[in-house]
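Asks: Please see the structure below; I have some questions.
Derivation of every value follows stated rules applied to the coordinates shown; laboratory data play no part. From a predicted model like this one, the values you see are computed outputs, not experimental measurements. As a convention, Cβ positions derive from the backbone with ideal geometry for all residues, glycine included, and neighbour counts pool all protein chains shown.
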Amino acid sequence: MSWAARSKPSKRARRSVPDAVAHRFQIGDRVKVREAYPIGHVRTPYYVRGKCGVIERVCGAFPNPEELAYAREGRPAQPLYRVRFLQRELWTDYAGQPVDVVEVEIYQHWLEAEGPQP
């Protein structure tokens, strides 16, 4: 089998997902990550839960990996966003530059609107 044939994305990984949940956020929106600690497979890093950030990119809609981990369909697909956080807001003892950031890809069901950016 050729490299090109082996590297094709699976049907689950394709971006064109007809049954996706509508996007709630746009680039520049200020969001807060839900502070939830469910049992089981979770894709949202612990260190960003309860923290506020800004939508940097709308990545598309994908089957929910938290459902796929249990051999479920992951439908409806969830919008995925890249959220930018200031390092100093994540880590209280951060000694780097005040403009340093971390960008994390987070699914919509983990996000809520925070309000306008100051």
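Asks: Determine how many Å³ per residue the convex hull of the Cα atoms of the range 29-115 encloses.
Replies: Convex hull volume per residue, Cα atoms: 94 Å³.
Asks: Within a Cβ distance under 12 Å of Val31, other residues only, what is the Lys/Arg minus Asp/Glu net charge?
Replies: The answer is +3.
Asks: From the phi angles alone, apply the Karplus equation (6.51, -1.76, 1.60; θ = phi - 60°) to the range 69-84 and give each ³J(HN,Hα) in whole Hz, x where the residue is Gly or Pro.
Replies: Using θ = phi - 60°, the values come out as 4, 10, 6, 8, 6, x, 9, x, 4, 10, x, 10, 10, 9, 10, 9 Hz.
Asks: Provide the net charge surrounding Arg88, with neighbours chosen by a C-beta distance below 14 Å and charges set as Lys +1, Arg +1, Asp -1, Glu -1.
Replies: Value of the local net charge: -1.
Asks: Per residue of the range 31-37, what does 6.51 cos²θ - 1.76 cosθ + 1.60 with θ = phi - 60° give for ³J(HN,Hα)? Whole Hz please, x for Gly and Pro, Karplus curve as stated.
Replies: In residue order, the calculated couplings are 10, 10, 7, 4, 9, 10, 9 Hz.
Asks: Continuing with the same structure: Counting only C-alpha contacts under 8 Å and six or more residues apart, can you give the relative contact order of the range 29-115 as a whole percent? All intermediate terms of the calculation are to be shown ahead of the outcome.
Replies: Values: 157 pairs, mean separation 29.7, N = 87.
Taking the mean separation of contacting Cα pairs over the length of the range 29-115, I get 34 percent.
Asks: Also: Among residues other than Gln97 whose Cβ falls under 14 Å from its Cβ, what is the net charge (Lys/Arg +1, Asp/Glu -1)? Can you show the working numbers first?
Replies: Details: positive: Arg88; negative: Glu89, Asp100.
Spelling it out: positives minus negatives among the neighbours equals -1.
Asks: Shifting gears a bit: Taking the range 20-80, which GluC sites (Glu not before Pro) meet the DSSP loop condition and have no more than 16 other C-beta atoms within 10 Å?
Replies: Sparse-neighbourhood loop GluC sites (Glu not before Pro): Glu35, Glu73.
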